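*Asks:* What follows is a structure written as C-alpha cells; I'll ask about it next.
What follows draws every value from the coordinates through simple rules; no lab data is involved. A quick note: this is a predicted structure, and the numbers were derived from the prediction, not measured. As a convention, Cβ positions derive from the backbone with ideal geometry for all residues, glycine included, and neighbour counts pool all protein chains shown.
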Amino acid sequence: MTKDLARYRQLESRLWMTRWRHEGQESAEEDAILDEMEDAWMDLIEEDRALLRLEGPRCWPMDPSSLPPGLAGTLYSSAPTAWAYEGFHSPAEAILSADAA
C-alpha cells in the first residue's frame, strides 16, 4: 500500500467515525475531512484510484452495528477456535457441573 493510499484510508476512517458520531447529519468536521480527501485523491497514483473506484463508497455507516473501514476485515481474520471443555460435552454441562459443586 502506498503512503498516499494509507493516508486516504485514514481519512476514510475519520469520515466514517464523524458521520457515525453525528448520526448522518452534516457537520463542519465532515466538510473539512472531505476537503482533505479531495486533496489526498489528487495525490494518489492511478492504480490506487482504480482500486478505490472498484470498491465503491466505504464511508457511510449504513448499519449501526457496522465497522468502520480498516476494521471490517481485520477483527475476525481467522476462524475462532472452540474452547475445549475437558470431560464435558458442552459449555452448559460444565456450568451446571460447577453450580452443583
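*Asks:* Any chance you could run the full-extension gain for Thr2 through Ala32? It's 0.36 nm times the residue separation minus the Cα-Cα distance, nm to one decimal.
*Replies:* 8.5 nm is the gain from fully extending Thr2 to Ala32.
*Asks:* Sort the following peptides by mean Cβ neighbour count (other Cβ atoms within 10 Å, averaged over residues), highest first: 21-33, 2-14.
*Replies:* 2-14, 21-33
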